[in-house]
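The values are calculated or read from the model by the stated rules, or taken from the named source; none is laboratory data. All of these numbers come straight from a predicted model, not from anything done at the bench. With ideal geometry, Cβ positions are generated from the backbone for all residues, glycine too; neighbour counts draw on all protein chains shown. The accessibility values were calculated without ligands, DNA or RNA, using every heavy atom of the protein model including side chains. Shrake-Rupley method; radii C 1.70, N 1.55, O 1.52, S 1.80 Å.
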Amino acid sequence: MKKIIRGGTIVSASDEYKADILIEDEKITQIGIDLSNLDADEIVDANGKLILPGGVDVHTHFDLPMFNTISSDDHYTGHKAAAFGGTTTVMDFVPQSGNDLRKDVMGWLEKSEPKAAIDYGFHMNISQFNEEVADQIPGLIDLGITSLKVFTAYNSTLRLQDADIFKVMRIAKKYGFLTMLHAENGDIIDILVQEAIADGNLTPEWHAHTRPAWGAVEAVARGISFSAHTGAPLYIVHMNAAGEVDQLEYGRDLGLPVMGETCPQYLFFTVENLQQPDGSKWICSPPMRTEEDNQRLWTGIMDGTIQVVGTDHCPFFYNGTKSIKYEGMEVRIPGKELGIGDFTKIPNGLPGVGDRLPILWTEGVGKGRITSNQFVAVTASNPAKIFGLYPQKGVIQPGSDADIVIWDPEMKVTYGVEWSQHRTDYNLYEGWELEGYPEKVFLRGKCIVDGKKWLGKAGAGKFIERVPFSPII
């Protein structure tokens, strides 16, 4: 089946030009001026609209167990929300349950494949390390996984000691994996949490007070030093503090293979949001910081120190004792009410996968902070390159998957739960006035979002296998 998207202005990470796009068998096969003379089964009119590559969100958590509940978006509902926001590829994390990494991956695939509504890939968490695990890491390449996540926090569950992170990164260097680092100081967090509990400081803002920014900054510095020692590339996830950007800039200035991502929540919100009556809505880890941190992160995006804007999407209901309607069915999942009166029991995470592109367009491009080309770079092209998806994903060019967003730069939306499509009962950007929004979204040439109409389906998404030794950008 042949399809032509006609009359739009294509926006890439480097330029902007008016052209038609011919799609055949899920791929872009030709780009040119006035392709209307070609035989086509369908012509899509994009006059006056922008044509963007489908967004690539490399930091999401679906169906993730936490604090006696589970994140409220699964691999169908989260994918659907992503698509409505213009994202057509997501990457999720496989939790490590023991020494059998293949078993963990196959279990996560078994859970995700029947539900996946857009294309997706996996990272592998390495939260336990020994010789048996070390021997298994190279075998992940045969499963299409080429990225490993390690933690310097969550002492009792996810954290690796520095020596083990060093060993993981040596393996990563040898076999071409990218190591992703959650950077906080777990020892300091544990002490401060114990003191807060003892002093009766249990309100949501203490989640931030017990996870200080300096702990994140020094953890980033440690991670960069491991990269320097091993020569292994390092990707700092969900950067949230000004000092982290400074450390990343320093490492990059030295020519080290280090890169970083931030998330929209760290660009707009602060610890003051946690002090509100509904402050638990903003609890995620790492926490919100200050306005000065917000601004430094924006500067990092603007000058290229930060390469990617992801989301760390991991939503929970604000009040899981009440049902919401999702696709006509009543849904109720325990959420942040589990931590009423005790911040240590509030599930850590928030919705975002559907918000990323619309929010960043209005606040970034619309307000002159970044160009439309930088927008495409940090939301699609850069993450695709860094994680081995490019040029299959993240770009509009012949041979690439026809993951395409027809973007209406003049569409005005009063944003919130109704628009976001996440399976939860709140949205951080409720009532925000946006200008610029997806009109149509295509996954491998098939329209899956048309305005407010959902045309996608569970099981239509494909698992994308990746190869090692992706570029450092």
* Asked: Using alpha-carbon positions, what is the distance between the centroids of segment 362-379 and segment 389-459, in Å?
  -> 16
* Asked: So, counting K/R as plus one and D/E as minus one, what does the shell of residues with Cβ under 14 Å around Gln194 add up to?
  -> -4
* Asked: Farthest toward the dipole's positive end in the chain, which of Pro334, Asn47, Val365, given Cβ charges of +1 (Lys, Arg) and -1 (Asp, Glu) about the Cα centre?
  -> Asn47
* Structure fact -> On the formula 1/(1 + (r/R0)^6), with r taken between the Cβ atoms of Lys325 and Glu132 and R0 of 56 Å, the FRET efficiency rounded to 0.05 is 0.75
* For segment 334-387, what is one quarter of the convex hull surface built on the Cα atoms, given in nm²? -> 5.8
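Under the 0.36 nm per residue contour assumption, what length would be gained going from the current alpha-carbon distance of Ala458 and Glu418 to full extension? List each step's numbers first, then the result.
Values: separation 40, 0.36 × 40 = 14.40 nm, distance 2.09 nm.
Gain on stretching Ala458 to Glu418: 12.3 nm.
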* Asked: What full-extension length gain, to one decimal in nm, is calculated for Gln276 and Leu38 as 0.36 nm per residue of separation minus the Cα-Cα distance?
  -> 79.9 nm
* Average Cα contact separation per residue, the chain, under 8 Å, 6 or more apart, as relative contact order % -> 22
* To do: Quick one: angle between helix 101-112 and the longest Cα principal axis of the chain, in degrees between 0 and 90, rounded to 10, please.
  => 50
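Placing unit charges on C-beta atoms (Lys and Arg positive, Asp and Glu negative, everything else neutral), compute the dipole magnitude of segment 377-473 about its Cα centre in debye, rounded to 20. Don't skip to the answer; put the middle values down first.
Working: 12 positive and 12 negative charges, 118 e Å.
Rounded to the nearest 20 debye, it is 560 debye.
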* For the chain, find the longest principal axis of its Cα atoms and tell me its angle to the long axis of helix 162-175, 0 to 90°, nearest 10. => 30
* To do: For the chain, with all protein chains present and a 1.4 Å probe, just round the carbon and sulfur fraction of the accessible area to a whole percent.
  => 50
* So, in nm, how far is label Asp187 from label Ala228 when the simple model puts each one 7 Å beyond its Cα toward the Cβ? -> 2.0
* Structure fact -> Tilt, helix 242-253 to longest principal axis of the chain (alpha-carbon atoms), in degrees rounded to tens, equals 70
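Rounded to the nearest 20 Debye, what is the dipole magnitude of segment 57-163 about its Cα centre when Lys and Arg each give +1 and Asp and Glu each give -1 at the C-beta? Mind dumping the intermediate values first?
Details: 7 positive and 15 negative charges, 52 e Å.
Roughly 240 debye for segment 57-163.
Determine the shape class of segment 1-123: with a ≥ b ≥ c the square roots of the Cα gyration tensor eigenvalues, call it rounded for a/c under 1.5, and otherwise prolate if a/b is greater than b/c, oblate otherwise. Provide the component values of the computation, followed by the final result.
On the way: a/c = 2.96, a/b = 2.55, b/c = 1.16.
Note, shape of segment 1-123 comes out prolate.
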* **Sites matching GluC sites (Glu not before Pro) across segment 390-473 that sit in DSSP coil, with at most 15 neighbouring C-beta atoms within 10 Å** => Glu430, Glu465
* Debye, to nearest 20: dipole size of the chain, +1 on Lys, Arg Cβ, -1 on Asp, Glu Cβ -> 680
* To do: Considering Cα pairs under 8 angstrom that are at least six residues apart, work out the relative contact order of segment 3-109 and quote it in whole percent.
  => 22
* To do: Using the heavy atoms of the protein chains and a 1.4 angstrom probe, tell me the accessible area per residue for segment 266-332 in square angstrom.
  => 40
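Which net charge results for the neighbourhood of Lys385, defined as the other residues with beta-carbon distances under 12 angstrom from its beta-carbon, given Lys and Arg at +1 and Asp and Glu at -1?
+2
Fully extended, how many nm does the chain gain between Glu16 and Asp246 (0.36 nm per residue separation, minus their Cα-Cα distance)? Don't skip to the answer; put the middle values down first.
Numbers: separation 230, 0.36 × 230 = 82.80 nm, distance 3.15 nm.
That works out to 79.7 nm of additional length.
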* Determine the sum of side-chain charges near Thr230: Lys and Arg each +1, Asp and Glu each -1, restricted to other residues whose C-beta is under 15 angstrom from that of Thr230. => +3
* **Positive-end residue of Thr87, Asn125, Trp108, charge dipole of segment 10-164 with Cβ unit charges** => Asn125
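Given a 1.4 angstrom probe, what's the average accessible area per residue across segment 25-99, in square angstrom? Before the final figure, lay out the partial values.
Details: 2540 Å² over 75 residues.
Ligands and nucleic acids excluded, the result is 34 Å² per residue.
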* Asked: Is segment 225-297 rounded, prolate or oblate when judged by the Cα gyration tensor, a ≥ b ≥ c being the square roots of its eigenvalues, rounded requiring a/c under 1.5 and prolate requiring a/b larger than b/c?
  -> prolate
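Go ahead and estimate [θ] at 222 nm for the chain from helices alone: -39,500 (n - 2.57) per DSSP H run with n ≥ 4, summed, over the residue count, rounded to 500. It would help to have the intermediate numbers written out before the result.
Values: 15 runs with 128 residues, N = 473.
Taken over the chain, the calculation gives -7500 deg cm²/dmol.
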* Only bridges with both residues in the chain count here: give the DSSP antiparallel percent, nearest 5. => 50
* Structure fact -> With DSSP loop assignment and no more than 14 other C-beta atoms within 10 Å, the trypsin sites (Lys or Arg not before Pro) in segment 389-473 are Lys452, Lys457
